[in-house]
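Presented below is the structure to which this report refers.
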Amino acid sequence: MSLFITFEGGEGCGKSVQARALYRQLSKLAIPVLLTHEPGGTPLGKRIARWLKWGEKIPPQTELLLFNVSRSLLVAGVIQPAINNGQTVICDRFADSTTAYQSYGRGLDLAMVRAVNHTATQRLEPDLTILLDIAAEAGLARKQDRKADRFEQENIAFHQRVRQGYLKLASQEPKRWLVIDATLPRAKITEIIWPKVKRLLSERGSRL
Ligand code: TMP
């Protein structure tokens with residue numbers, strides 16, 4: 001049976017590497033799995049993502065809506081069909097990114113952000129969300145050799161609010177969230193994630 005797993009975290013936390021590692025592990029075991037990411041994951045979503053990351057400054061509420069345009073396309077066109085098909089879906093960022101960045105980071109009203117997210121997700125919730133937690137300064141330092149996008153260019157206080165937002169979300173729903181210290185070695189992080197995923201898959205009737 002399918003599982004919906006999301007990866008979350010601030011800049012430079014290493015979630016994409018871990019999402020890919022989990023995808024490879026499940027593929028190796030012949031578990032039907034799909035890896036996707038936000039923003040993007042569909043042709044129009046990709047164009048929106050490029051604009052959100054590299055375009056001109058836009059009001060926070062416009063940003064909130066655009067992330068959710070991309071998300072609604074991804075949920076309706078990719079994620080929900082895969083889940084209905086019995087696939088496990090791994091998504092690199094999902095609605096919690098909007099709550100962390102646009103509400104805690106940008107300061108938009110939390111209830112309003114949640115309501116817009118719900119419209120896009122059709123209330124689809126991840127079974128497991130893995131938060132790779134890292135201090136904002138340390139995460140940004142890992143990305144210093146690349147050109148900074150609109151989010152990476154934000155000041156340190158913004159990134160600290162995002163991190164605290166994520167930790168708050170995780171503490172409110174400890175059953176859904178697995179918080180991992182992102183400064184641990186990559187292989188160690190992979191080792192922490194696997195037993196948790198394995199247990200959830202077994203509970204859903206997967207023979208591993
Ligand atoms: P990434 O490809 O590095 O994960 O870049 C996505 C950027 O967009 C990252 O800085 C986080 C930001 N973001 C939001 O602000 N809100 C969202 O809902 C999502 C999905 C991403």
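Rule-based calculations on the coordinates, nothing more; no lab input. Model, not experiment: these values are computed from the prediction. With ideal geometry, Cβ positions are generated from the backbone for all residues, glycine too; neighbour counts draw on all protein chains shown.
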Inset, instruction - Identify all residues within region 79-94 that are assigned to a helix (DSSP H, G or I) and within 16 Å of the ligand (Cβ to nearest atom); write none if there are none. - result: Ile79
Legend entry - Of residues in region 21-56 being within 13 Å of the ligand (Cβ to nearest atom) and out of contact with any helix residue (DSSP H, G or I) (no Cβ under 9 Å at 6 or more places or on another chain), the one farthest from Glu154 (Cα to Cα): Arg50
Inset, instruction - Name every residue in region 182-208 that is surrounded by 11 or more Cβ atoms within 10 Å (Cβ to Cβ) and over 23 Å from Arg142 (Cβ atoms), in order of residue number. - result: Trp194, Lys196, Val197, Lys198, Arg199, Leu200, Leu201, Ser202, Glu203, Arg204, Ser206
